[in-house]
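In what follows, a single structure is set out as structure tokens and then discussed.
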Amino acid sequence: MSMGMQARLATDVESAAHAAGLVVASSEVGQDFSGNPTTRFLLALDADRAKTKLVELSDSFDFGRPDMLAEIAVYLEETAKRLRNPLPDCYLTLHGLPLRFEKFAWPFHRSTSGADTLLVHGEVWLEDGHQSPLHAKLSAAMTVTFAEIVKAPEQPFAETFIYNAVRKTMDQGQLELVKSGNRQPVPVTTRYFSMWHRRFNFNDTGDVQRHDYLAAKAFWLSGVLGGGEPVWMLDPRDAQYLNTTVAELKATLVGLEREDMVQLSAHEEYATPGRFLMEHRERYMSATAQALAAIRPSFNEEMRGGHTNM
């Protein structure tokens, strides 16, 4: 990338970040998986600069394109709201696993194995409050057909559906959390997108599931892991994951407040556990243990011992 292009990219990012309540704490030249130059921007919440988010963009990305700006603005606004969470990189699965997402190497790169896919590598860690060693190294593979849906194979346009594809794959028992191991595949295909409705499709949920999900989110991300600090409950990333809308999440959140399961903060999109929620600790711990057991491979014990009919 030329110095002029780098300066323009830096100016564009700084301007868009400022509009979202963020500042560029630092920037540096990096490189993607294939060795192509990138720029790594460390964005910080203007109101609390200890809260940061790394955004990495390729040299070929035109940040200032008019057809990109609106979506980038939304991404940065949502990033600012997530950075107000006590643990901004933590998300909950539908089955009750609190996960920390880290080391995602953006942007996508072409498969080196000959497959017609675009890949992004990353890791998820079980975040149970006890420094668990359980994690999964990931290789999320986006088909070329799916890539045609995405405006650009860059972090601001793909992070949400990649994170949700990881959670969905975990829900299906197709990822294992281990102490060490090789990268595990996360297929990202058009089955996650409705061409008819022009929207992503991950988990069909009803009122009860959304109620239980938001309660568990408040329990884990605020009550257990967040020291009782408010958590953003109306995250559009969760709405996409649950095949719902932010408006429906809001209605569910109001219902939880009426039940004294959560307490809304001054910013009504954020909440902490209510007086009854933390009384359900045993139930949530049991759900997490069951979810971990469900994704653990099982073996035929007789075959393990050498007793076969072959």
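So which of 69, 76 is over 22 Å from residue 291 (Cβ atoms), modelled with pLDDT of 95 or more, in the same structural domain as residue 9 (by TED's automatic domain parsing) and not polar (S, T, N, Q)?
Details: 69 fails: modelled with pLDDT of 95 or more.
That would be 76, the only listed residue that is over 22 Å from residue 291 (Cβ atoms), modelled with pLDDT of 95 or more, in the same structural domain as residue 9 (by TED's automatic domain parsing) and not polar (S, T, N, Q).
Results for (1) outside the structural domain of residue 231 (by TED's automatic domain parsing); (2) in contact with an Asp or Glu (Cβ under 8 Å, 6 or more places away or on another chain); (3) modelled with pLDDT under 90, shown as yes or no for each residue.
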position: 271; (1), (2), (3): no, yes, no
position: 298; (1), (2), (3): yes, no, yes
position: 302; (1), (2), (3): yes, no, yes
position: 308; (1), (2), (3): yes, yes, yes
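Among the candidates 153, 185, which residue alone is assigned to a strand (DSSP E or B) and under 17 Å from residue 106 (Cα atoms)? Lay out the reasoning, then the answer.
Working: 153 fails: assigned to a strand (DSSP E or B).
Exactly one residue qualifies, and that residue is 185.
Can you say whether residue 41 is under 25 Å from residue 126 (Cα atoms) and assigned to a strand (DSSP E or B), as far as the supplied structure shows? Step through it out loud before you land on a result.
Numbers: under 25 Å from residue 126 (Cα atoms): no; assigned to a strand (DSSP E or B): yes.
No: the conditions fail for residue 41.
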Filter pass, residue 243 being at pLDDT 95 or above, in contact with a helix residue (DSSP H, G or I) (Cβ under 6 Å, 6 or more places away or on another chain) and surrounded by 16 or more Cβ atoms within 10 Å (Cβ to Cβ): no
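For (1) in a loop (DSSP other than H, G, I, E, B); (2) in contact (Cβ under 8 Å) with a residue 40 or more places away in the chain; (3) touching a Phe, Trp or Tyr at 6+ places or on another chain (Cβ under 7 Å); (4) among the hydroxyl-bearing types (Ser, Thr, Tyr), each residue gets a yes or a no:
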{"residue": "35", "(1), (2), (3), (4)": "yes, no, no, no"}
{"residue": "51", "(1), (2), (3), (4)": "no, no, no, no"}
{"residue": "75", "(1), (2), (3), (4)": "no, yes, no, yes"}
{"residue": "78", "(1), (2), (3), (4)": "no, yes, no, no"}
{"residue": "128", "(1), (2), (3), (4)": "yes, yes, no, no"}
Scope the stretch 188-235; condition closer than 25 Å to residue 108 by Cβ and buried (at least 16 other Cβ atoms within 10 Å of the Cβ); matching residues: 188, 192, 193, 200, 202, 203, 235
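The values are calculated or read from the model by the stated rules, or taken from the named source; none is laboratory data. Fair warning: this is a prediction, and the values are worked out from it, not measured in the lab. Here Cβ is always computed from backbone atoms with ideal geometry, including for glycine, and neighbour counts include all displayed protein chains.
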